[in-house]
1. At a Förster distance of 30 Å, what's the computed FRET efficiency of Val54 paired with Val78, Cβ-Cβ distance as r, to 0.05?
2. What spacing in nm lies between the two simple spin-label points modelled at Val67 and Leu27, each 7 Å away from Cα in the Cβ direction?
3. Need one value: the accessible area of Leu56 in square angstrom, 1.4 angstrom probe, rounded to the nearest 10.
4. Calculate one ³J(HN,Hα) per residue across segment 55-61 by plugging θ = phi - 60° into the Karplus curve 6.51 cos²θ - 1.76 cosθ + 1.60, and present them in order as whole Hz with x for glycine and proline.
5. Do any chymotrypsin sites (Phe, Trp or Tyr not before Pro) in segment 31-67 lie in a DSSP loop with no more than 16 other beta carbon atoms within 10 Å, and if so, which?
6. Taking H as built 1.01 Å from N, whose amide H comes closer than 5 Å to the amide H of Ile13, not counting residues under 5 places away?
Amino acid sequence: MKKILSLIKNKLIKPDGTLNGKIISGLVALVIVFVQQVFACFGAQPKGDITAFVGLANTVLTILGLVGVLSDPTPVEVPAKTDKNK
């Protein structure tokens with residue numbers, strides 16, 4: 001069990017000691033989807049308009065996805081093009 005917790009900790013925390021925003025936001029989004037699925041399995045439905053609830057959940061998932069993508073932008077380096085025919 002300690003090995004599993006260590007692996008999870010290594011994924012959530014970067015080597016410099018900061019939280020990995022991409023993993024955290026993805027994990028939160030998956031937890032929200034998991035809760036939705038558990039409620040669906042037991043037939044529990046929220047009171048009120050179900051489409052409003054689904055719209056709210058989708059908006060939260062979209063925001064989390066956006067934050068996960070933009071949390072740690074890393075510049076892309078294109079290698080210099082060399083002409084091997086010369």
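The values are calculated or read from the model by the stated rules, or taken from the named source; none is laboratory data. All figures in this text were calculated on a predicted structure; none of them were measured in a lab. In this analysis, Cβ positions are derived from the backbone assuming ideal geometry, glycine residues included, and neighbour counts consider all displayed protein chains. Areas reflect the complete protein model, heavy atoms only, side chains present, ligands, DNA and RNA absent. Shrake-Rupley method; radii C 1.70, N 1.55, O 1.52, S 1.80 Å.
1. Working: r = 41 Å, r/R0 = 1.38.
Using R0 = 30 Å, I get an efficiency of 0.15.
2. So the two model labels end up 1.4 nm from each other.
3. 110
4. x, 5, 4, 5, 5, 4, 5
5. Those that pass, being in a loop and sparsely packed, are Phe42.
6. Long-range HN contacts for Ile13: Asn20.
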